[in-house]
């Protein structure tokens, strides 16, 4: 059974100033998603599912989905803040989405096979899709048998400023926890450093795995997520900025020995657009990849 690629495309890029998912950044107007879909098809994925907001469905279908129709089966599901479990009502005035794991839950009725989750506006690189497709294509005998791609932190850095990353701690190749670290940056010796919660400067080896939200799950993950979402809402429904993130659920499953998450290494270099000022750098990198022949002039 071929795995499915689940693309989280419901977010409006508030810091970026627009819908990053629909921005043509490649030399022929390609979106970042185009590269992910192209790499996923070549790596053995059999279906694409997008989660979007209903209010930009028309533009999304016209600009994005029309390109893929003859290349791979696609489906669309919708994330809405009022899509909550029975017994819960979205608080009046809530505008913030419920987070990445709420978005994942929107796929539970259409995804019945192992699946990978990605952000729509991140460039992950072909090797990352190859390694996770290979892992997801292996028979899974137990519930909670998951994986993630651990990008080498040195392949995710910016020369122009600090970054925030989920630094992975592992034992025997399996995830024990993901710790969010902010202000990771190069020092004057070009070492990768951050300041920990005790105010101590720590150094990360360039090969240290970090999470860039490229996860691999089996459908039982939806069942676990639904239960934890109820618990999350009981504690947080009146908090206007509370979000139900994927690492929140994954850490809970690992802590309770319900799931094991294999950390997959990749040689791929990640890049993305967080702020509008990042755009030109991404445009240049994509143009270079085409110039080197890694992507054809026309992908779709």
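The values are calculated or read from the model by the stated rules, or taken from the named source; none is laboratory data. Predicted, not measured: the structure shown is a model, and the values here were computed from it. Don't worry about glycine lacking a Cβ; one is built from the backbone with ideal geometry, like all the others, and counts go over all protein chains shown.
Residues that are over 18 Å from residue 155 (Cβ atoms) and at pLDDT 95 or above within segment 175-199 comprise 175, 176, listed in sequence order.
Has segment 21-28 got any residue that is more than 15 Å from the chain's Cα centre (by Cα), part of a helix (DSSP H, G or I), surrounded by 20 or more Cβ atoms within 10 Å (Cβ to Cβ) and modelled with pLDDT under 90?
Filtering segment 21-28 for residues more than 15 Å from the chain's Cα centre (by Cα) gives 22-28.
After this cut, where a residue has to be part of a helix (DSSP H, G or I) as well, the list is 22.
Keeping just the survivors that are surrounded by 20 or more Cβ atoms within 10 Å (Cβ to Cβ) gives none.
No, because not a single residue in segment 21-28 is more than 15 Å from the chain's Cα centre (by Cα), part of a helix (DSSP H, G or I), surrounded by 20 or more Cβ atoms within 10 Å (Cβ to Cβ) and modelled with pLDDT under 90.
Taken over segment 152-172, the residue count meeting the criterion of being outside any loop (DSSP other than H, G, I, E, B) and within 24 Å of residue 248 (Cα to Cα) is 11. Residues satisfying the criterion are present in segment 62-73 (criterion: touching a helix residue (DSSP H, G or I) at 6+ places or on another chain (Cβ under 8 Å) and in a loop (DSSP other than H, G, I, E, B)).
Within segment 223-237, if we keep just the residues that are in contact with a helix residue (DSSP H, G or I) (Cβ under 8 Å, 6 or more places away or on another chain) and crowded, with 18+ Cβ neighbours inside 10 Å, the residue that is nearest to residue 104 (Cα to Cα) turns out to be 225.
Quick one: in segment 271-293, of everything that is in a loop (DSSP other than H, G, I, E, B) and modelled with pLDDT under 95, which residue is surrounded by the fewest Cβ atoms within 10 Å (Cβ to Cβ)?
Just the residues of segment 271-293 that are in a loop (DSSP other than H, G, I, E, B), to begin with: 273-275, 292-293.
In the following step, the residues that additionally are modelled with pLDDT under 95 were identified as 273-275.
On the way: 273: 22, 274: 16, 275: 12.
Within segment 271-293, the match that is surrounded by the fewest Cβ atoms within 10 Å (Cβ to Cβ) is 275.
Could you say which residue among 209, 219 is farther than 25 Å from residue 108 by Cα and either surrounded by fewer than 16 Cβ atoms within 10 Å (Cβ to Cβ) or in contact (Cβ under 8 Å) with a residue 24 or more places away in the chain (or both)? Can you show your working first?
Values: 219 fails: farther than 25 Å from residue 108 by Cα.
Being farther than 25 Å from residue 108 by Cα and either surrounded by fewer than 16 Cβ atoms within 10 Å (Cβ to Cβ) or in contact (Cβ under 8 Å) with a residue 24 or more places away in the chain (or both) holds for just one of 209, 219, which is 209.
For segment 123-133, residues that are surrounded by fewer than 21 Cβ atoms within 10 Å (Cβ to Cβ) and in a strand (DSSP E or B) total 0.
Residue check: is residue 240 surrounded by 18 or more Cβ atoms within 10 Å (Cβ to Cβ) and within 23 Å of residue 81 (Cα to Cα)? Reasoning before the result, please.
Working: surrounded by 18 or more Cβ atoms within 10 Å (Cβ to Cβ): no; within 23 Å of residue 81 (Cα to Cα): yes.
When the stated conditions are applied, residue 240 does not pass them.
For segment 92-111, a residue qualifies if it is at pLDDT 95 or above and loosely packed, with under 13 Cβ neighbours inside 10 Å, and exactly one does: 109.
Name the residue, out of 179, 149, 110, that is part of a strand (DSSP E or B) and either under 14 Å from the mean Cα position of the chain (by Cα) or within 26 Å of residue 50 (Cβ to Cβ) (or both). Step through it out loud before you land on a result.
Values: 179 fails: either under 14 Å from the mean Cα position of the chain (by Cα) or within 26 Å of residue 50 (Cβ to Cβ) (or both); 110 fails: part of a strand (DSSP E or B).
It is 149.
Considering only segment 29-47, I want to know if a residue exists there that is within 27 Å of residue 231 (Cα to Cα), in a loop (DSSP other than H, G, I, E, B) and over 19 Å from the mean Cα position of the chain (by Cα). No. Scanning segment 62-81 for residues that are surrounded by 15 or more Cβ atoms within 10 Å (Cβ to Cβ) and either farther than 18 Å from residue 111 by Cα or modelled with pLDDT under 90 (or both) yields 63, 64, 65, 67, 68, 80. Residues in segment 141-162 that are surrounded by 19 or more Cβ atoms within 10 Å (Cβ to Cβ) and closer than 21 Å to residue 277 by Cα: 156, 157. Per the listing 214, 204, the residue uniquely within 22 Å of residue 282 (Cβ to Cβ) and in contact with a helix residue (DSSP H, G or I) (Cβ under 8 Å, 6 or more places away or on another chain) is 214.
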